[in-house]
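Working notes, beginning with the structure itself.
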Amino acid sequence: MVDSDDTAASNIPEYSVSEISGAIRRTLEGGFARVRVRGEITELKRYPSGHIYLSLKDEDGKIAGVVWRSAVSRLGLTPENGTEVIATGRVSSYGERSTYQLIIDQMSFAGEGALLARIEKLRLKLLDEGLFALERKRALPHLPRLVGVVTSQKGAVLHDICTTIARRFPRSVLVWPVSVQGDGAAAQIVAAIEGFGRMKSPPDVLIVARGGGSLEDLMAFNDERVVRAAAASPIPLISAVGHETDTTLIDFASDRRAPTPTAAAELAVPLRSEMVADLAHRNARLAGALMRLMDQARARLERVVAGLPDLPSLLNNARMRLDDRGQRHELALPTVTERARARLVQIEGRLPSLELVVARLRERVLRQAGQLELAVGRGLQAWESRIIRARLSPESILNAIRLREARLEGTVGRLEAVSPRAVLARGYVLVQDMSGRPITSAAANPQGGRIVLEFADGRRDARLDKGRGDGSSPQGEFGL
């Protein structure tokens, strides 16, 4: 008899581990071929192979997930821990560990509120770093030579920008086409901004633009890499993303924000008609100011010319004054000469004669000699009395007497050196007229006049016989 428990056990299918694992995998993949799972990213890990492993959790559960390297570029966003997302993919199992996981190939933020919260968090972070500071803003060039545009090559945005620039003031436009939404859009925008900055001849102004769209469509311009590239751009940058009511983080980092791409083109280039009108107005003002300056200068010149005297009259007056001064000088010169001659004669009359000077000097010398002799006598008496008192030796007395004699001889020698008689003793003669006044030049006495010659030993009368007519010293015989 066969046991019933053994019969029941034999009816249960038997599977190997790999068979049951494959069956579970096929069941999961067949039942959950395409699902969207909403949850918060946690336990995010990036491996060198390029794969991303993470978990999605909510209040009551958690599911493992993986993003293969081939799907990372198409993911739609950059996953970060703490971000609430909606992950799209398929559920599969990993037989070696008996676990199931979500194979993710697309990811989006979970609702607009989550996107706005993430954008606001990034905005506050960049604001604290100073990327939105007003002092970083640069002025736009007044008339750029070349305008760079970063936008999609498709759509009406590029057409609107080029049309507006051509209408306002035709300028060269250099376009760097990029994707403005979706996978890889942020990386392309960053590459375009940095590429324009590295050009050898970069544009004078840069426009980053795209048309309107949902918040998710504009997320490429809220990417941190795009915002930092816009802030670091060496070229003044105008952002024109979305409609007038749309605001993205690149608007805070750009130098100017335009509500629309058309408005960005209007900010980039001025209106040519307005510039022409302004130039005409400035030209009229400059011409008017120049005319006023010329009129004022002409009026000043006329006043100066009216105040100038007549040049021929000035020359005639100067000529008359010169003739008058010359005539007065001719008349005044003889008078001045006579006055000078009279003053010389007057001074000559007050001068003492040489005999009187010599006599006075002789009297002074004799007086000083007497005083010196008296002083010597007194000194000798004093020395004699001092010698007697001191009982000096005869040798000392003789030496003192010799010293006094030497001093006396030196004084007498100096007196004789300044004596007029000493000069006459050396062969000189003093020439005087009959009245005793000295004669110092050949023209001082008429030719043939009487003179007196004083020698060292006496006086002799003489007469000038003849002389030269050229004013030189007289030559000839003297009648003594």
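Since every read-out is calculated from the coordinates, none of them should be taken as a lab result. Given the structure is predicted, the values throughout are model-derived calculations rather than measurements. Neighbour counts run over all protein chains shown; Cβ positions are idealised from the backbone, glycine included.
Proximity of backbone amide H atoms, modeled 1.01 Å from N, is registered between VAL149 and LEU174, VAL175, TRP176, ILE207 at under 5 Å, excluding neighbours fewer than 5 places apart on the same chain.
Phi-derived couplings, Karplus 6.51 cos²θ - 1.76 cosθ + 1.60 at θ = phi - 60°, listed residue by residue for segment 296-308: 5, 5, 5, 5, 5, 5, 5, 5, 5, 5, 5, x, 7 Hz, with x used for Gly and Pro. When Rg and Dmax are taken over the Cα atoms of segment 143-270, they come to 12.9, 37 Å.
Rounded to the nearest whole Hz, the Karplus-based 3J(HN,Hα) values (6.51 cos²θ - 1.76 cosθ + 1.60, θ = phi - 60°) of segment 38-48 follow the sequence 9, x, 9, 6, 8, 6, 6, 9, 10, 9, x, with x at glycine and proline. 3J(HN,Hα) along segment 232-243: 8, 5, x, 9, x, 10, 10, 9, 9, 10, x, 8 Hz, from the Karplus curve 6.51 cos²θ - 1.76 cosθ + 1.60 with θ = phi - 60°, whole Hz, x for Gly and Pro.
Count charges around LEU279 for me, please; just the other residues with Cβ under 13 Å from its Cβ, Lys/Arg as +1, Asp/Glu as -1. Display every interim value, and only then the final one.
Numbers: positive: ARG272, ARG282, ARG285; negative: GLU274, ASP278.
Taking every other residue near LEU279 into account, the sum is +1.
For segment 94-198, GluC sites (Glu not before Pro) meeting the loop criterion (DSSP other than H, G, I, E, B) and having at most 12 other Cβ atoms within 10 Å: GLU96.
Can you classify segment 46-86 as rounded, prolate or oblate using the Cα gyration tensor, where a ≥ b ≥ c are the square roots of its eigenvalues, rounded means a/c under 1.5, and otherwise it's prolate if a/b beats b/c and oblate if not?
Prolate, because a/c is 1.5 or more and a/b exceeds b/c.
Need one word for segment 303-374: rounded, prolate or oblate. Basis is the Cα gyration tensor (sqrt eigenvalues a ≥ b ≥ c); a/c below 1.5 gives rounded, then a/b vs b/c decides.
Working: a/c = 12.84, a/b = 3.72, b/c = 3.45.
Note, shape of segment 303-374 comes out prolate.
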